[in-house]
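The values are calculated or read from the model by the stated rules, or taken from the named source; none is laboratory data. In this text the structure is predicted, and so the values were computed from the model without any measurement. Neighbour counts run over all protein chains shown; Cβ positions are idealised from the backbone, glycine included.
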Amino acid sequence: MKNNMPDPIKVIIADDHVLFRAGVKAFLSLKEDIRVIGEADNGMHLLTLLKAQVPDIILLDIQMPIMSGIDALPEIKKLCPQTKIIMLTMLDENSMISKLMELGANSYLSKSSDSEVIYEAIKTCVSQEYYFNDLTNKAMLTSLKQKNNVVPPHLMVQEAVLNEKETTILRLMCEEKSTKEIADIVELSPRTVESIRDKLKVKTGSKSTAGLIMYAVKHKIIEEI
């Protein structure tokens with residue numbers, strides 16, 4: 001009988017902390033749709049691995065000896081332009097996060113993130129290209145404000161006409177309200193709010209919640225972060 005299961009997502013973990021790599025690898029090995037195909041303890045080692053095999057995802061530590069994740073990032077994009085890169089760090093500086101996203105990173109996670117969050121980020125980056133969370137949303141919003149709402153070309157969203165209800169829900173999303181909180185405020189069911197959110201993505205051409213937030217900033221639907 002032919003196996004119709006999709007190929008597992010190929011992952012390389014690049015981090016100079018052996019115990020961290022081992023922990024992430026052990027967790028991901030429990031997932032049938034993930035296969036860890038390599039490990040590296042610095043950026044130079046990682047680039048050598050990439051000459052022999054191309055992963056779908058790289059979990060990339062920012063601070064490593066010999067070659068840091070920051071220095072390795074543009075080189076990775078040259079070697080493997082289709083590979084999605086999830087940056088891992090203990091730092092949460094907005095300017096750093098924004099810089100890395102503009103250089104081509106697809107997500108930015110704290111190394112203290114729950115293992116399931118890392119798994120979710122991997123899956124989302126493969127299916128939607130980017131995984132955004134509170135760290136990345138706030139950093140990108142701050143960056144857009146500081147740069148007079150100039151959006152990086154690869155994150156650009158198209159102009160759309162929104163009705164009052166859609167605008168209200170988008171503003172609440174930018175305030176990081178949950179679906180239930182938004183539903184209570186606008187007096188709609190959570191399912192209806194989710195439906196409107198999906199319509200907003202279609203209208204604006206956004207692939208993610210972060211795309212909607214950037215649309216709101218660019219078109220001055222929100223004035224403050």
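Overview of results
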read-out	value
Criterion: of a type in the set (Gly, Ala, Ser) and either in contact (Cβ under 8 Å) with a residue 60 or more places away in the chain or within 18 Å of residue 131 (Cβ to Cβ) (or both) - qualifying residue of 69, 38	69
Residue count for segment 114-127, restricted to those that are over 11 Å from the mean Cα position of the chain (by Cα) and surrounded by 16 or more Cβ atoms within 10 Å (Cβ to Cβ)	1
Matching residues, segment 195-221, being more than 22 Å from the chain's Cα centre (by Cα) and in a helix (DSSP H, G or I)	195, 196
Considering residues of segment 170-194 that are at pLDDT 85 or above, part of a helix (DSSP H, G or I) and among the aliphatic types (A, V, I, L, M) only, the residue nearest to residue 218 (Cα to Cα)	170
Hey, residue 84 of a type outside the set (Phe, Trp, Tyr) and surrounded by fewer than 17 Cβ atoms within 10 Å (Cβ to Cβ) or not	no
Lone qualifier among 34, 66 - being touching a helix residue (DSSP H, G or I) at 6+ places or on another chain (Cβ under 8 Å) and on the phi > 0 side of the Ramachandran plot	66
Some residue of segment 87-96 being at pLDDT 90 or above, in contact with a helix residue (DSSP H, G or I) (Cβ under 6 Å, 6 or more places away or on another chain) and either more than 27 Å from residue 19 (Cα to Cα) or in the same structural domain as residue 47 (by TED's automatic domain parsing) (or both)	yes
Checking residue 30 against (1) in a helix (DSSP H, G or I); (2) out of contact with any strand residue (DSSP E or B) (no Cβ under 6 Å at 6 or more places or on another chain); (3) of a type in the set (A, V, I, L, M, F, W, C), the condition it does not meet	(1)
Qualifying positions in segment 1-24 - closer than 15 Å to residue 120 by Cα and either in a loop (DSSP other than H, G, I, E, B) or charged (D, E, K, R) (or both)	8, 10
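To keep it simple, each residue is scored yes or no on (1) surrounded by 13 or more Cβ atoms within 10 Å (Cβ to Cβ); (2) of a type in the set (Val, Ile, Thr); (3) under 20 Å from the mean Cα position of the chain (by Cα).
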site	(1), (2), (3)
8	yes, no, yes
14	yes, no, yes
17	yes, no, no
29	no, no, no
34	yes, yes, yes
42	yes, no, no
